[in-house]
Structure formats: structure tokens, C-alpha cells
Amino acid sequence: MKKVIDKIEKHYSEKLYARLTRKKGSFEGITTGFILSKSKDFILLQETDEFRILGYQIIPIKTIKYVRYNKNDKTYERILKEEGLLDDVKLKYEIDLTDWNTIYESVKETGLTVISECEHPNKSYFCVGELKSINKKSISIKYFNAQGIFDEKNTKHKFKDITKLSFDDRYANIFSKYTKEKITDKKVESSLND
């Protein structure tokens, strides 16, 4: 783990492109981008994909197993620079990464839709919506489904299961403009009687 922490520090301080191998249980995935902020337990990364600078991800350091920066990564970074895309790599929000409580408060202040994920195969979830509340062990999100309809009840995600919390993400930002409240039978009946 010390090697990973040292590499995170190097990539953060030198503003290097990073290819992270993340693992939780039998899940293993790759995330790429630039580490813009860090704490003892978390990093904040601005994601890249297919020569695009994307949104922000908060990742627990304990899920990061390897940080790569080889010739392929250096070439990718050089192309981003030559295309003028590195100008878009910047932290637009002040996010306190001390713990989940401070992360919640900071991200909630942005007013942006979030995506909370657990990528473990046995507990896999993807929840997009509005941060609503926090307690000692979990966050609560007002989730909307693939039709843009909000659930009536908030969805809880335990901190120990979250592998990635994303915000200012293109998918979430655009989709959240087209959401709607779920219409219950009582609401329909009431509107018909009016």
C-alpha cells in the first residue's frame, strides 16, 4: 500500500496522468485521469476517456491497487497536451476529502447530481440522483431510474461499499435535466377529480 500512496503523491504533486487499477473483492476495474486533490483516505480524480476530459470521481484509496504511468500513458498525456485539452483539467469545486461527512457536505453544496457506485459483483449498484442525507455509516440519494423517474423513497449506500462517487459528470448533468417525479395512483386520482 505504501507504494500506491507514494505513486498517488507523485502523480498529484507533478500533475501526471494516472491509470489506476481499482479492486474490491473480485471486482477489478481501470480508471484514468488526473489526481487533483487527496487526503489520507481519498483521492479526487478528473476522469479522462477517449481523449476527453470528463467529470470528477472520489475514490477510496484502499480500493486502489496499482498506479501506472508507462510509455503508453505518457503518449496519451502528450496527445492531450498537444490537443490543448489539459487546460480543461482543473478543480472547479472545493471538496473536503477528510471523511465521508465532509465529502457529502462539500459535494452537496455544489447542487450537482451524483453517481454512487459499488462495483463489487455481489453488491453491484449504480445510483444516480440527488444527495439527500448522511448518517454515520451511509449516504442517502434520491435516485432516478433510466426513464428519469425518481423513486418515492431515498436509496441508502453504505460507505464501506462505495467504490466511486462521481459528480459534474456529463451523463448525470444532462440526464438530471429530464427527470420527473413518480406519479402515484393517488396523485392521478386526485388530478382526475380536480
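Readers should treat all values here as calculations from the given coordinates under stated rules, not as data from a laboratory. The structure displayed is predicted, hence computed values, not measured ones. Virtual Cβ from ideal backbone geometry, glycine too; neighbours counted across all protein chains shown.
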| remark: Magnitude of the Cβ-charge dipole (Lys and Arg +1, Asp and Glu -1) of the range 11-76 about the Cα centre, nearest 20 debye, reported as 260 debye
| Among rounded, prolate and oblate, which fits the range 2-193 when a ≥ b ≥ c are the square roots of the eigenvalues of its C-alpha gyration tensor, a/c under 1.5 means rounded, and a/b larger than b/c means prolate? | prolate
| query | Using 1/(1 + (r/R0)^6) with R0 = 41 angstrom and r between the beta carbons of residue 75 and residue 96, what's the FRET efficiency to the nearest 0.05? | reply | 0.75
| message | Which residue, 101, 4, 171, has the largest displacement toward the positive end of the dipole of the chain when charges sit on each Cβ (Lys, Arg +1; Asp, Glu -1)? | response | 4
| Which of rounded, prolate, oblate describes the range 1-67, given a ≥ b ≥ c as roots of the alpha-carbon gyration tensor eigenvalues and a/c under 1.5 marking rounded, otherwise prolate only if a/b is larger than b/c? | oblate
| said: Report, in listed order, any pair from 74/132; 40/153; 74/123; 2/137 with a Cα-Cα distance greater than 30 Å. | reply: 74/132; 40/153; 74/123
| query | Considering the zone a paramagnetic label at residue 82 would reach in this model (a point 7 Å from Cα along the Cα-to-Cβ line), which residues of the range 20-51 have amide N under 20 Å from it? | reply | 33, 48-51
| task | With a/c under 1.5 counting as rounded, go ahead and sort the range 41-101 into rounded, prolate or oblate using the C-alpha gyration tensor (a ≥ b ≥ c being the square roots of the eigenvalues; past the cut-off, prolate if a/b is larger than b/c, else oblate). | result | oblate
| task | Kindly express, to the nearest 10 degrees and within the range 0 to 90, the angle between helix 100-110's C-alpha long axis and the longest C-alpha principal axis of the chain. | result | 70 degrees
| message | For the chain, what does the helix formula give at 222 nm: sum of -39500 (n - 2.57) over DSSP H segments with n ≥ 4, over the residue count, nearest 500 deg cm²/dmol? | response | -7500 deg cm²/dmol
| request: Quickly work out the residue 23-to-residue 5 label distance, labels modelled 7 Å from Cα along the C-beta direction, and quote it in nm with one decimal. | output: 1.9 nm
| task | Among the aspartates and glutamates, select those whose C-alpha is under 14 Å from the C-alpha of residue 160, and discard any that sit fewer than 8 residues away in the same chain. | result | 41, 99, 117, 119
| message | At a 10 angstrom cut-off on C-beta neighbours, averaged per residue, how do the peptides 9-17, 160-168, 86-94 rank from highest to lowest? | response | 160-168, 9-17, 86-94
| field | Point-charge dipole on Cβ atoms (K/R +1, D/E -1) for the chain, about Cα centre, debye to 20 | value | 900 debye
| Nearest 10 degrees, 0 to 90: what angle lies between the long axis of helix 71-82 and the longest principal axis of the chain (Cα atoms)? | 70 degrees
